[in-house]
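Just below is one structure, and these are the notes that go with it.
All of the numbers you see were taken from the coordinates with simple rules; none came from a lab. The model shown is predicted, which means the values in this text are computed figures rather than measured ones. Here Cβ is always computed from backbone atoms with ideal geometry, including for glycine, and neighbour counts include all displayed protein chains.
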Amino acid sequence: MENIRAALVILNWNGRHLLERFLPIVRKHTPNRVDLVVADNGSTDDSIGFMKANYPDIRIIRMEKNLGFTGGYNEALRKVEADIYILLNSDIEVTENWLEPCLKMFEDRQDLGALQPKIRSLRNKEYFEYAGAAGGFIDIFGFPFCRGRIFNTLEKDTGQYDKPTEIFWASGAALFVRANLFHEVEGFDRHFFAHMEEIDLCWRIQNKGYKVMYTPESIVFHLGGGSLPKSNPKKTYYNFRNNLWMLSKRMPAKWFYTLLLPRLLLDLLAAVSFLLQGKSKDSIAVLKAHLAFFRRLPELRREDQGSGKKLPATCYRRSIIWDYFVMKKKRFIQIDKKASREEEIQSD
C-alpha cells in the first residue's frame, strides 16, 4: 500500500459546522502518506476562514461559485495528483483504520475501478444509512436501491452483508476510485449538478471492463442531509431528472425503448403517491423532471453511450418496485437468492 498514492478530497459548500465537527476525526484517522484536501464550492459562510485559522496545513482548492457535486469534484480533481481518489462527504464520521482495507483492495485487484466501505447511520449506528448502506444496485427500470436499504426500509446491521461483494454503484458519500479511470471516463456528468452522479459514473466504469466493489472491513457513519434534506422537492427533482438522463445515455437501445413507457408510468404513479401524501411540491418536481428529460432526450440519445453494449451483470433484471410494494420483499436478502442461501448457512 505504500506504493499507492491516495488523496482524500472533501467537497464543502457552506459547511463550516460540518468541518468543525467531522474534520478532526478525519484528520486523526488519515495517515500522512494520504493527501488531505478540502475543495470549497464557492462557500459564502466562513468555511475558508475556519480552515485557514485551524488547519493551515490542509490544502484548500477554491471554486468561485457553487458548481454542484459534479462540477465541484470535476474541477477540484483536475488539480489533485494521485493514484486513488477518496471522495468523502463533509458529514461522514470515519473510524480507525478505515482507509487501509480499501486501499489494499486496489493494490490486490487491478480490475477494481471503484469501491465503497460499509456505510451506517450516524443517528442510529446499528443500522445502515440511506445513501449507500452495503453497496448499491439498480433495477431494470433504473430505480436505485442498496443492500441494507430498499426505498425507506433500513436494515439493522447484523453481519448479513459482511463479505466483499461486486455491486452496481458505490456511494458518492465515501467513494474510492482510480484516478486515471475517473479522468478516462470524463469524471462526473456535469449536467447532473447533484444526485445520481455516482451511479452514472459507476455504470461507465463497468462499461470499461472494471468492477465496482463493496468491502465490509471498512466502516464509516453518515449523518445525511448535509446539503439537502431527503424530503426536499429539489432533491426529488434532481433524482428523477438525473435518473432519466442516465438511462437515456447508458441503457442499450433495445432495453431503453422497451422500458421507457413503463418507466414513465411508474414515475406518474410516484407523482400521484406524493400528491396523496400531501407532498404537492414533490409531485410537481416529478413532472418538471420529465419536462427536463424530454427537452434533452434527442441530445442524450445522440450521444448514445450505452447502445450496442450489454447491461452490466450487476444490474438487477427485475422491478424493485414490484418486489417491494407488491411482493412485500423489504430486505435485500429476500430478493437475492445467493445472499439468502448465505444467510441460511450462517443460521445453521
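Points worth noting:
- 3J(HN,Hα) along the range 233-243: x, 5, 5, 4, 4, 4, 5, 6, 4, 5, 5 Hz, from the Karplus curve 6.51 cos²θ - 1.76 cosθ + 1.60 with θ = phi - 60°, whole Hz, x for Gly and Pro.
- Over all other residues within a Cβ to Cβ distance under 11 Å of Lys254, the charged ones net out to +2, with Lys and Arg as +1 and Asp and Glu as -1.
- Cα centroid separation, the range 118-144 to the range 48-102 (Å): 22
- Shown in residue order for the range 261-275 are the 3J(HN,Hα) couplings computed by the Karplus curve 6.51 cos²θ - 1.76 cosθ + 1.60 at θ = phi - 60°: 4, x, 5, 5, 5, 5, 5, 5, 4, 4, 5, 5, 4, 4, 4 Hz (x for Gly and Pro).
- Charge dipole (debye, nearest 20) of the chain; +1 at Cβ of Lys and Arg, -1 at Cβ of Asp and Glu: 1220
- Taking each residue as 0.36 nm, the span from Asp46 to Arg62 lengthens on full extension beyond its C-alpha to C-alpha distance by 4.5 nm.
- Of Tyr257, Tyr324, Tyr85, the one that fluctuates the most in a GNM where the chain has Cα springs shorter than 10 Å: Tyr257
- Rg then Dmax, both in Å and based on the Cα atoms of the range 233-308: 12.9, 43.
- Cα-based radius of gyration for the range 1-73, normalised by 2.2 N^0.38 Å, reads 1.11.
- Compared with the direct C-alpha span, the chain from Glu96 to Glu186 gains 29.2 nm at full extension, assuming 0.36 nm per residue.
- When Rg and Dmax are taken over the Cα atoms of the range 193-327, they come to 16.2, 45 Å.
- Relative to the 2.2 N^0.38 Å rule of thumb, the range 109-202 has a C-alpha radius of gyration ratio of 1.10.
- Cross-link pairs beyond the 24 Å C-alpha cut-off, checked among Lys156/Lys310; Lys249/Lys310; Lys234/Lys329; Lys52/Lys125; Lys288/Lys329; Lys163/Lys329: Lys156/Lys310; Lys234/Lys329; Lys52/Lys125; Lys288/Lys329
- Gained length - Asn54 relative to Val272, 0.36 nm times residue gap less alpha-carbon distance: 73.6 nm
- Whole-Hz Karplus values for the range 46-58 come out as 9, 4, 5, x, 4, 5, 5, 6, 10, 9, x, 8, 8 Hz, taken residue by residue from phi with 6.51 cos²θ - 1.76 cosθ + 1.60 and θ = phi - 60°; glycine and proline positions read x.
- Beta bridges per DSSP with both ends in the chain, % antiparallel, nearest 5: 45
- Computed E for Asp111/Leu261 - FRET, C-beta separation, R0 51 angstrom, nearest 0.05: 0.90
- Extents of the chain, largest first, come to 54, 53, 42 Å (Cα atoms, principal axes, whole angstrom).
- Here each label is just a point 7 Å from Cα along the line to Cβ, and for Arg21 and Phe294 those points are 4.2 nm apart.
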